[in-house]
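The values are calculated or read from the model by the stated rules, or taken from the named source; none is laboratory data. Everything numeric here is computed off the predicted structure, so don't read it as measured data. Quick reminder, even Gly has a Cβ in these numbers, built from the backbone with ideal geometry, and neighbours come from all protein chains shown. Just so you know, the surface numbers come from the protein's heavy atoms only, side chains and all, with ligands and any DNA or RNA stripped out. Shrake-Rupley method; radii C 1.70, N 1.55, O 1.52, S 1.80 Å.
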Amino acid sequence: MSATTAAWLVLAAPLAGTIVVGALFNRLPGRSAGWVGTSAIALSFIFALITLAKLQQQTPAHRELTSTLWTIAGTVGVDARATILVDPLSVLMICVVAGVSTLIHLYSVSYLQGDRGYSRFFAYLNFFVFSMLLLVLAGNFILLIVGWAFVGAASYMLISFWYRRTTATSAGIKAFVINVLGDIGLVLGTFFIFRHTHTFDLVASFRAAPHVFASGSGDVTAGCLLLLVGAFAKSAQIPLHTWLPDAMEGPTPVSALIHAATMVTAGVYLIARMHPLFQLAPAAGDVGAIVGALTLLIAGTIGLAATDLKRVIAYSTMSQIGYMIMGVSVGAYTAGLFHLMTHAFFKALLFMAAGSLISAMGGVQSLNRMSGLRRALPFTFAAFLIGGLALSGLPPFSGFFSKDSILLFVAGRGGWHWALYVAGYLGAFLTGLYTFRMIFRAFLGEPCPEAAELIDHGHLFHPAAPTNPANGELEDTDVGFPGPDHVIAERAIPMRVAMSLLAVLAIAGGIVSIPKTTSWLDNFLAPTFADSTIASHTTNNLLYLGLILGAAISLVSIATAYVLWVARPALAPAIAARLRPLTTLFEHKWYFDELIDALVVRPGAWFGRFAQNTFERVVVNGLLIGGSTGLVRAGSALVRGTQSGLLRVYAGLMLVGIAGVGLYFLLQS
Amino acid sequence: MTIGWYLAVSALIFAIGAGGVLVRRNPLVVLLCLELMLNAANLALIGFSRMWGNGDGQVFALIVMVVAACEVTVGLGLIVAMHRRRLPIDVDEMRELQG
């Protein structure tokens, strides 16, 4: 089997899983749908590893393979083919995506077991993974756009999975609309590039780009900025981030999948994939870096004020993706992808632990209601702690190395990039603070009633009537609600297996690229980024400064969190009260929702109403519809007169008609 | 005897039948006149068949008879149904189907 064949099979396995689970959704007994879905993704992961092995057999200069299955549209000037591109970058992505997704599927097998939409869930989940794999393997812009749009559609289906909840359906619509905005950016950006390179093929475009674009020319900058719009929407960067916290309405494994493996990393991948273009448009790279830095700071501050457990983790994702976007925008491609990989491990772990925690609380997600769950959920606590430490960047956890390698590269660029460097470490401090605020508040302190029940009686708390945690409404308990069962990791082997494996990866994932020790990831990705022209002048001093700073900041932030929320719990509210305007700003998420509402939604709705009253009523209803119906009505009134209902008149007309036809032919001959 | 005479008789019968269909209002008579028209056609068919000396026209005539039998069955059935429901036995009164 060649590398490209294996790569096609990577795509085929989840697609087959989608079709099998989707077609047999009501025939699969018990948890078999989950096992079918999980094994499809596991198979995909195995093929991804085979692809990796086969690719490594090539010489480094030849690790860029393409394979075309068929031509979608091949006319003059258009070369849309079903092509995949197998190179170190895409292989790294498929390994991470398929690997983490396998574990998330495994977790979901138990976690979703009480849901009546069990098969539907796994069909969607497989489709989601298929879309993401299509996106990363795409060898031309057309397939990339298809995968990109599929990811958006799949996220819509999964965020609205519990469709009895109005909050979930509106969150799904919000995610979809913002993602479509990104799709438009991607399509228009593609068009700007296609106009000059005259090819949709990625490799050919990159080869042609330096010849057809002058560095920093208007068209390539516009194209890259539009690609960035796509990346920002998918990766939840300011100001297109508002869908991500709302996406927490979906089941927790979906959040894990969106945040760790399949969706928000797509923007980072896009920038890394398009790096030959971004290098021709330094201005676009600067925009990406600044937006990434702003996002990581703003998301960090909101995470500090959020009280919903899953939303805190969601804002931490936004913040971490900000690091990655900043990294790949300034040219730290390997470092950005390194952080993408480690983040996938620890973020999936954090979400899995959060899911177990929420189950133990009977569906409640508010941090205000949680406390002292450490003894009730020892395994979950350990997993959450490992994920949290990796997220805060404490050495030797994986997050420490990846975050510092991004910031080291940023520092090496010099000049105004130092501002990004400072923002990065400020963000690191915020990260530690909000992560451990969440951990301390949920796990330490006096056990809350739910935790006490679990400790004293070994009885998992179930609410008397299921309510929507977002707005407290009583739930419709038909299909499409979470189901009466709650599952915690302590009592489900598949969940424990998935979380244990991820915990190991979250601890040791940094091993692939430890400064001065190992450089496996750098060597592996080197062929893809060999043409990178962005140089970073890093010195040993900078490296040591970064490592010491990173370790110190994570320790200080954890200690601060301990003081604020454990040692002196009265301090945090006092500070919050002192800085009232600031906390209000953070609690209202910097008013981004309100801003978008005022700037986009309301004018849009007003224009819609205006158009309905004028154009729709006068032109469409009056002229177009009224005119054509009037014409048809007048015509039919004419003909209707002959339909008298008199049998003898009909017979006479028929006779005259036949006689007429007969006469005509007689006269003709 | 030439084919002309046969056709003349056939045309005459057809015209009588068609005239009957157009002027009579009793559905029973209309049906009878229809039969006349069909049989006029049959006569022409048989005449042509004899002229060419093969049996195709006769086969046609037989088929027309079968169809005519079916049509009369349906037609008579309709008339009986109309009578049972005390509807007027008059085709001009039956004009509900109109535009």
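Can you spot a residue in the range A:71-85 that is closer than 25 Å to A:PHE346 by Cα and either of a type outside the set (Lys, Arg) or modelled with pLDDT of 90 or more (or both)? No - not one qualifying residue is present in the range A:71-85.
Out of the range A:398-407, which residues are of a type outside the set (Asp, Glu) and crowded, with 24+ Cβ neighbours inside 10 Å? Lay out the reasoning, then the answer.
First, pick out the residues of the range A:398-407 that are of a type outside the set (Asp, Glu): A:398-403, A:405-407.
Of everything in the range A:398-407, those that are of a type outside the set (Asp, Glu) and crowded, with 24+ Cβ neighbours inside 10 Å turn out to be A:SER398, A:GLY399, A:PHE401, A:SER402, A:LYS403, A:SER405, A:ILE406, A:LEU407.
For the range B:23-33: of the residues being open to solvent by 60 Å² or more (accessible area, probe 1.4 Å) and not in a loop (DSSP other than H, G, I, E, B), which is farthest from B:VAL64 (Cα to Cα)? Ranking the qualifying residues of the range B:23-33, first place goes to B:VAL23.
Checking each residue in the range A:453-496 for being within 24 Å of the chain's Cα centre (by Cα) and either aliphatic (A, V, I, L, M) or open to solvent by 40 Å² or more (accessible area, probe 1.4 Å) (or both) picks out A:PRO469, A:ALA470, A:MET495.
Of all residues in the range A:391-429, those satisfying the criterion of being aromatic (Phe, Trp, Tyr) and either part of a helix (DSSP H, G or I) or within 26 Å of the chain's Cα centre (by Cα) (or both) are A:PHE397, A:PHE400, A:PHE401, A:PHE409, A:TRP418, A:TYR421, A:TYR425, A:PHE429. Only one entry in A:LEU564, A:LEU521, A:LEU542, A:LEU599 is more than 28 Å from A:LEU385 (Cα to Cα) and open to solvent by less than 50 Å² (accessible area, probe 1.4 Å), namely A:LEU542. Within the range A:1-30, the set of residues being assigned to a loop (DSSP other than H, G, I, E, B) and within 22 Å of A:GLY99 (Cβ to Cβ) comprises A:MET1, A:SER2. So, B:VAL91, is that one open to solvent by less than 70 Å² (accessible area, probe 1.4 Å), away from chain A (no Cβ under 14 Å) and under 23 Å from A:VAL649 (Cα atoms) or not? The answer is no for B:VAL91.
For the range A:148-187, how many residues meet the condition of being part of a helix (DSSP H, G or I) and over 16 Å from the mean Cα position of the chain (by Cα)?
Summing the residues that are part of a helix (DSSP H, G or I) and over 16 Å from the mean Cα position of the chain (by Cα) in the range A:148-187 gives 8.
All conditions but one from (1) out of contact with any Ser or Thr (no Cβ under 8 Å at 6 or more places or on another chain); (2) surrounded by fewer than 24 Cβ atoms within 10 Å (Cβ to Cβ) apply to A:THR317; the one that does not is (2).
Per the listing A:LEU133, A:LEU125, A:LEU181, A:LEU188, the residue uniquely under 30 Å from A:VAL78 (Cα atoms) and open to solvent by less than 20 Å² (accessible area, probe 1.4 Å) is A:LEU133.
Could you go through the range A:82-99 and let me know if any residue there is of a type in the set (Ser, Thr, Tyr), closer than 15 Å to A:LEU143 by Cβ and open to solvent by 60 Å² or more (accessible area, probe 1.4 Å). Among the residues of the range A:82-99, not one is of a type in the set (Ser, Thr, Tyr), closer than 15 Å to A:LEU143 by Cβ and open to solvent by 60 Å² or more (accessible area, probe 1.4 Å), which makes the answer no. Note on the range A:23-35: residues that are open to solvent by less than 70 Å² (accessible area, probe 1.4 Å), under 21 Å from A:PHE45 (Cα atoms) and touching a helix residue (DSSP H, G or I) at 6+ places or on another chain (Cβ under 8 Å) total 2.
Residues in the range B:29-58 that are within 14 Å of chain A (Cβ to nearest Cβ) and over 12 Å from the mean Cα position of the chain (by Cα): B:ALA44 alone. Kindly establish whether A:LEU277 is open to solvent by less than 10 Å² (accessible area, probe 1.4 Å) and closer than 25 Å to A:ILE142 by Cα. Yes: the conditions hold for A:LEU277. Counting only helices (runs of 4 or more DSSP H) that sit completely within the range A:522-607, those holding 2 or more residues that are of a type in the set (S, T, N, Q) and more than 24 Å from A:ALA442 (Cβ to Cβ) correspond to A:540-562.
In the set B:ALA11, B:ALA81, B:ALA68, B:ALA61, only one residue is within 13 Å of chain A (Cβ to nearest Cβ), among the hydrophobic types (A, V, I, L, M, F, W, C) and open to solvent by less than 60 Å² (accessible area, probe 1.4 Å); that residue is B:ALA11. Would you mind stating whether B:GLY75 is within 14 Å of chain A (Cβ to nearest Cβ), in a helix (DSSP H, G or I) and exposed (fewer than 15 other Cβ atoms within 10 Å of the Cβ)? No: the conditions fail for B:GLY75.
Which residue pairs have Cβ atoms under 6 Å apart, sit 6 or more places apart or on different chains, and have a first residue in the range A:40-60 that is crowded, with 16+ Cβ neighbours inside 10 Å and a second that is modelled with pLDDT of 90 or more and outside any helix (DSSP H, G or I)? Close Cβ pairs (under 6 Å, with a partner that is modelled with pLDDT of 90 or more and outside any helix (DSSP H, G or I)) do not exist here. Output yes when any residue across the range A:246-267 is more than 24 Å from A:TYR107 (Cα to Cα) and surrounded by 24 or more Cβ atoms within 10 Å (Cβ to Cβ), and no when none is. Scanning the range A:246-267 turns up at least one residue that is more than 24 Å from A:TYR107 (Cα to Cα) and surrounded by 24 or more Cβ atoms within 10 Å (Cβ to Cβ). Return a yes/no flag: does the range A:430-449 have any residue that is without any contact (Cβ under 8 Å) to a residue 24 or more places away in the chain and either part of a helix (DSSP H, G or I) or crowded, with 24+ Cβ neighbours inside 10 Å (or both). Yes; the residues of the range A:430-449 include at least one that is without any contact (Cβ under 8 Å) to a residue 24 or more places away in the chain and either part of a helix (DSSP H, G or I) or crowded, with 24+ Cβ neighbours inside 10 Å (or both).
For the subset of the range A:635-669 comprising residues that are more than 30 Å from B:VAL91 (Cα to Cα) and in a helix (DSSP H, G or I), which member is nearest to the other protein chains (Cβ to nearest Cβ)?
A:LEU666
Checking A:TYR111, A:TYR107 one by one, the residue that is crowded, with 22+ Cβ neighbours inside 10 Å, of a type in the set (Ser, Thr, Tyr) and over 19 Å from the mean Cα position of the chain (by Cα) is A:TYR111 and no other.
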